[in-house]
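**Q** Quick one: the structure is below, questions incoming.
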């Protein structure tokens, strides 16, 4: 699968291997994509989850570059970091209708507890962006790579099951 329509990855080596410089580089890319210019989303505005903040950076940023179930113990994950520029174009590719053959992403809705979520995925299910729906806005929640084949297959089944039940 070709992802040439997505921005280039940002590598730790691009910051000379300096973690702090890399973190600044990632945050600046995030600010450009989500603060200075928000992604387009059909019929709703895009907001950010700011709290809890860590090192002066909001929760949405940390959820896009780190992993872990306990908020203040999340650990940066390099594959997420490298793809910090991918969530915005994936959100803007959201067609708000059943994905067609030529669409660059696939998507489906799911429920996680009380949260209504939209899962955006590359067609090979190797990378996903999770967007939480609210009444009049959406929140980009997290984004991550999917390395294991069984996890990709599970996501593909969720996608197929969702659209099988839709008119």
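The values are calculated or read from the model by the stated rules, or taken from the named source; none is laboratory data. As the structure is a computational prediction, the values presented were derived from the model and not from experiment. In this analysis, Cβ positions are derived from the backbone assuming ideal geometry, glycine residues included, and neighbour counts consider all displayed protein chains.
**Q** Looking only at residues in the stretch 1-33 that are closer than 24 Å to residue 95 by Cα and touching a strand residue (DSSP E or B) at 6+ places or on another chain (Cβ under 7 Å), which one is surrounded by the fewest Cβ atoms within 10 Å (Cβ to Cβ)?
**A** 1
**Q** For the stretch 70-85, how many residues are touching a strand residue (DSSP E or B) at 6+ places or on another chain (Cβ under 8 Å) and in contact (Cβ under 8 Å) with a residue 60 or more places away in the chain?
**A** Here the count works out to 4.
**Q** Identify, by number, the condition in (1) more than 16 Å from the chain's Cα centre (by Cα); (2) in a helix (DSSP H, G or I) that residue 89 doesn't meet.
**A** (1)
**Q** Can you tell me which of 140, 76, 95 is in contact with a helix residue (DSSP H, G or I) (Cβ under 9 Å, 6 or more places away or on another chain) and closer than 22 Å to residue 44 by Cβ?
**A** Only one candidate qualifies: 140.
**Q** Given the conditions (1) modelled with pLDDT of 90 or more; (2) over 29 Å from residue 97 (Cα atoms); (3) not in a helix (DSSP H, G or I), which single one is not true for residue 5?
**A** All conditions pass for residue 5, except number (2).
**Q** Can you report the number of residues in the stretch 74-85 which are modelled with pLDDT of 95 or more and surrounded by 15 or more Cβ atoms within 10 Å (Cβ to Cβ)?
**A** Within the stretch 74-85, residues that are modelled with pLDDT of 95 or more and surrounded by 15 or more Cβ atoms within 10 Å (Cβ to Cβ) number 7.
**Q** For the stretch 20-52, name all the residues that are free of Cβ contacts under 8 Å to residues at least 60 places away in the same chain and touching a helix residue (DSSP H, G or I) at 6+ places or on another chain (Cβ under 7 Å).
**A** Scanning the stretch 20-52 gives 21, 22, 25, 26, 27, 30, 33, 40, 50, 51, 52.
Here is a yes/no grid of residues against (1) modelled with pLDDT of 95 or more; (2) more than 22 Å from residue 7 (Cα to Cα):
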residue	(1), (2)
43	no, yes
61	no, no
72	no, yes
87	yes, no
95	no, no
105	no, no
121	yes, no
136	no, yes
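**Q** Still on this structure, please answer the following. Just the residues that are touching a strand residue (DSSP E or B) at 6+ places or on another chain (Cβ under 7 Å) and crowded, with 20+ Cβ neighbours inside 10 Å, please, taken from the stretch 49-66.
**A** Restricting attention to the stretch 49-66, the residues satisfying the condition of being touching a strand residue (DSSP E or B) at 6+ places or on another chain (Cβ under 7 Å) are 49, 60, 62-66.
Selection gives 60, 62, 63, 64, 65.
**Q** Also: Could you check the stretch 102-112 and list, in sequence order, the residues that are assigned to a strand (DSSP E or B) and surrounded by fewer than 14 Cβ atoms within 10 Å (Cβ to Cβ)?
**A** 109, 111, 112
**Q** Please determine, by comparing only the residues of the stretch 33-79 that are part of a helix (DSSP H, G or I) and over 16 Å from the mean Cα position of the chain (by Cα), which one is nearest to residue 98 (Cα to Cα).
**A** 36
Conditions tested, residue by residue: (1) out of contact with any strand residue (DSSP E or B) (no Cβ under 8 Å at 6 or more places or on another chain); (2) within 20 Å of residue 42 (Cα to Cα); (3) in contact (Cβ under 8 Å) with a residue 12 or more places away in the chain; (4) surrounded by 19 or more Cβ atoms within 10 Å (Cβ to Cβ).
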{"position": "68", "(1), (2), (3), (4)": "no, no, no, no"}
{"position": "87", "(1), (2), (3), (4)": "no, yes, yes, yes"}
{"position": "100", "(1), (2), (3), (4)": "yes, yes, no, no"}
{"position": "114", "(1), (2), (3), (4)": "yes, no, no, no"}
{"position": "119", "(1), (2), (3), (4)": "no, yes, yes, yes"}
{"position": "124", "(1), (2), (3), (4)": "yes, no, yes, no"}
{"position": "135", "(1), (2), (3), (4)": "yes, yes, no, no"}
{"position": "152", "(1), (2), (3), (4)": "yes, no, yes, no"}
